[in-house]
């Protein structure tokens, strides 16, 4: 039996992890806590938040646990995400990989992440004024402006189906 381990920044990945654990009736741990309570090589389904196409915590989790699957949680709508690119960039090979849309909670960001979002927002606003944004950028501009969560239990369906068939 695997457990769920998550790395979360603003809470979306944690919310998905806890929902999934409840649905599957398996333990859920933050990555920080998991390092103290799980043994090296323990079977883990890892969930990490995305920052600049990097699944945060994945590389460390991969060194510590036996990852049976990986899920990235980001701001972008799933239909606009290049899954193959994410897998390549993060060197996720031979493992089931899932992507879920989380959201953006501007008030929960701090430090470098808050600054990054400020720069991104400014850049997207300039692009919007010029009418040069791609569909992905239009959606991102709206999310950056309004913030909010897209976390929904229904979004976990593909992971639940995979889990129950493995």
Cα-projected label distance for residue 54 with residue 26, points at 7 Å along beta-carbon direction, nm
2.7
Which of 30, 122, 77 fluctuates most in a GNM of the chain (C-alpha springs under 10 Å)? That residue is 122
Within the set 64, 132, 121, GNM on the chain using Cα springs under 10 Å gives the largest fluctuation to 132
Fully extended, how many nm does the chain gain between residue 35 and residue 88 (0.36 nm per residue separation, minus their Cα-Cα distance)?
16.5 nm
For the chain, share of DSSP beta bridges that run antiparallel, in % to the nearest 5
15
In what sequence do 113, 58 fall when counting other Cβ within 10 Å, fewest first?
113, 58
Can you tell me the length gained on complete extension of the stretch residue 160 to residue 118, counting 0.36 nm per residue apart and subtracting the Cα distance?
11.6 nm
Sorting check: for 65-71, 7-13, 151-157, which peptide has the highest mean count of neighbouring beta carbons within 10 Å, and how do the rest follow?
7-13, 65-71, 151-157
The chain - percent relative contact order, Cα under 8 Å, separation 6 or more
22
Order of 82, 137 from fewest to most other C-beta atoms within 10 Å?
82, 137
Report the residue, chosen from 47, 19, 116, that carries the largest GNM mean-square fluctuation when the chain is represented by alpha-carbon nodes joined by springs under 10 Å.
116
What is the ratio of the Cα radius of gyration of the chain to 2.2 N^0.38 Å, where N is its residue count, to two decimals?
1.06
Could you please rank 88, 18, placing first whichever residue has the fewest other Cβ atoms within 10 Å of its Cβ?
88, 18
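Only the coordinates and a few stated rules stand behind these numbers; no lab work does. Predicted model, so just to flag it, every value in this text is computed and none were measured. Cβ: placed from backbone, ideal geometry, glycine included. Neighbour counts: every protein chain shown.
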